[in-house]
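> Take this structure, written in structure tokens, and hold onto it; I'll ask about it next.
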Amino acid sequence: NFFQVLQIPTKIVKGQIEITTPVNLIKAGDKVGSSEAALLQKLNIRPFSYGLSIDIVFDHGSFFSVKVLDIDEAYLTSMFSFALSKVAAISLQVGYPTQASLPHSIGNAFRSLVAVTVNLDNYTHTHTTP
């Protein structure tokens, strides 16, 4: 009896063999022996699974590592803010106003106005006194 050889507890219920306790016959990575294979074949169980494992990503003519797919929200946020700061810097340098450079443009304009008011002789303001 296959079940006794593999030490699997069974009982007969209504003319059918019933396995009484859950049994892990084969673990992932183990080699399947001849008695295990015969039992699995009799039970019509195939201990193999098929699937895809991604090694390389191909996109628009470029190859990327699989690690490209393992990005999280914190990484995306940091890269977005880095790109936004570069857009603001380029916009400020070429003098083209964008939504990213607008706060910096207003700040620079305020500093210029403060610099002008500091140099006036007859005008004082609490925020412009040296």
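The values are calculated or read from the model by the stated rules, or taken from the named source; none is laboratory data. Bear in mind the structure is a predicted one, so any value in this text is a computation, not a measurement. Ideal geometry is used to build each Cβ from the backbone, glycine not excepted, and the neighbour counts take in all protein chains shown. Side chains included, ligands, DNA and RNA excluded: accessible areas come from the protein's heavy atoms. Shrake-Rupley method; radii C 1.70, N 1.55, O 1.52, S 1.80 Å.
> Here are some conditions: (1) part of a helix (DSSP H, G or I); (2) polar (S, T, N, Q); (3) surrounded by 10 or more Cβ atoms within 10 Å (Cβ to Cβ). Residue 99 meets all but one. Which one does it not meet?
So the condition that residue 99 fails would be (1).
Table: residues versus (1) surrounded by 10 or more Cβ atoms within 10 Å (Cβ to Cβ); (2) in contact with a Phe, Trp or Tyr (Cβ under 7 Å, 6 or more places away or on another chain); (3) small (Gly, Ala, Ser).
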site: 5; (1), (2), (3): yes, no, no
site: 18; (1), (2), (3): yes, no, no
site: 26; (1), (2), (3): yes, no, no
site: 64; (1), (2), (3): yes, no, no
site: 73; (1), (2), (3): no, no, no
site: 78; (1), (2), (3): yes, no, yes
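> Shifting gears a bit: What single numbered condition from (1) of a type outside the set (Ser, Thr, Tyr); (2) open to solvent by less than 100 Å² (accessible area, probe 1.4 Å); (3) touching a residue at least 24 places away in the same chain (Cβ under 8 Å) fails to hold for residue 42?
Every listed condition holds for residue 42 apart from (2).
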